[in-house]
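I have placed the structure first, in the form of structure tokens, so that the comments after it can refer back to it.
The values are calculated or read from the model by the stated rules, or taken from the named source; none is laboratory data. Since the model is a prediction, treat every value here as computed from it, not as a measurement. With ideal geometry, Cβ positions are generated from the backbone for all residues, glycine too; neighbour counts draw on all protein chains shown.
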Amino acid sequence: MAITKVTTDVITALAVTAPKLAANAVTTDKLADNAVTAAKIAAGALGDQVAGITSSASATTIAGTLTSTGTITGTLATAAQTAITSVGTLTALTVDDITINGQSISTSASNKDIILVPHGTGDVEIQSDSLLVSATEGESASIVLRADESDDAGDDWAFTSNTGNTLTIGNDIASAGTSVAQMTLTPHATVASSTTAIAGNLTTGGAITSLTNFNSTSGNDLRLNAGSANRDIFMQVNGTTHMTVQGSTGKVLIGTAEAATIGKAIVMAMVFG
């Protein structure tokens, strides 16, 4: 009796080889369901007879487009896959030594920086109402501003919150890469007792107002300098001048009278009663 369809029991293991298959010889009406199993097909036999497919014991190559309605598992052999435009939802992503996980961007490179580099004149923009720089235990936290590629001493300014609760503004003008505090702010629970120390000179174009006093805590002289020979220095209380040092004459006035004249009057009174 003639066999109308080939079933799996009539095909021996590895019996299906390329020489046994003519082009387009195997059609659905010639094979019973599940007739041809992997064990029945010799390596390379099927691919050689299907247009666009070549195969060997280690690989199968498809010349055209692969369409799958199921799940494709395994690892892509080529890293660059420009045709893949979506990877779905990832729980984490690691590229080289950079890891993006949740709200965190971290690096596994020991003691290395994370660098954001915009293109050309582009900027790195942070759209938030605050920027938090948090140091580890026992470390200070700094924001460093570098001008001119930081290639000269003085290009770097550092704003540093120190472990001693002070805030310093420093510059590396003395030695490139080594910041020296130009200004130090020391807080106090009573705000009026807080201090601001300036290491160098203070120049102001307006008024300097003090709620208490001006003094020298280092034992050095305290100087008030009008900055010009024709400028005066006024000592006032509640807006009323009580002493004037005239830059143009060198005279010292107490009230409106010259101090030397007042002194002479006092001496005369003491001598002559």
- Task: Would you tally the residues in the range 49-91 being surrounded by 10 or more Cβ atoms within 10 Å (Cβ to Cβ) and either modelled with pLDDT of 75 or more or not in a loop (DSSP other than H, G, I, E, B) (or both)?
- Result: 7
- over 30 Å from Asp156 (Cβ atoms) and within 45 Å of the chain's Cα centre (by Cα), is that true of Gly227? yes
- Task: Output the qualifying pairs, or none if there are none: Cβ atoms under 8 angstrom, residues six or more apart or on different chains, first residue in the range 144-169 and in contact (Cβ under 8 Å) with a residue 40 or more places away in the chain and under 27 Å from Ser194 (Cβ atoms), second residue outside any strand (DSSP E or B) and not aliphatic (A, V, I, L, M).
- Result: none
- Note on the structure: Of the residues in the range 92-114, those that are part of a loop (DSSP other than H, G, I, E, B), of a type in the set (A, V, I, L, M, F, W, C), more than 30 Å from Thr166 (Cα to Cα) and in contact (Cβ under 8 Å) with a residue 12 or more places away in the chain come to Ala109
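Under 29 Å from Asn171 (Cβ atoms) and among the polar types (S, T, N, Q): which single residue out of Ser106, Ser86, Ser150 fits that description?
Values: Ser106 fails: under 29 Å from Asn171 (Cβ atoms); Ser86 fails: under 29 Å from Asn171 (Cβ atoms).
Sole residue among the options that is under 29 Å from Asn171 (Cβ atoms) and among the polar types (S, T, N, Q): Ser150.
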- Message: Go through (1) assigned to a strand (DSSP E or B); (2) at pLDDT below 95; (3) over 20 Å from Ala141 (Cα atoms); (4) of a type outside the set (Lys, Arg) for Gly227 and report which single condition fails.
- Response: (1)
- May I ask you to verify whether Ile198 is closer than 30 Å to Asn238 by Cβ, in contact (Cβ under 8 Å) with a residue 12 or more places away in the chain and among the aliphatic types (A, V, I, L, M)? yes
- Item | Complete set of residues in the range 140-155 that are closer than 19 Å to Val117 by Cα and surrounded by 12 or more Cβ atoms within 10 Å (Cβ to Cβ) | Val144, Arg146, Ser150
- Item | Number of the exception - Thr241 against (1) surrounded by 13 or more Cβ atoms within 10 Å (Cβ to Cβ); (2) in a loop (DSSP other than H, G, I, E, B) | (2)
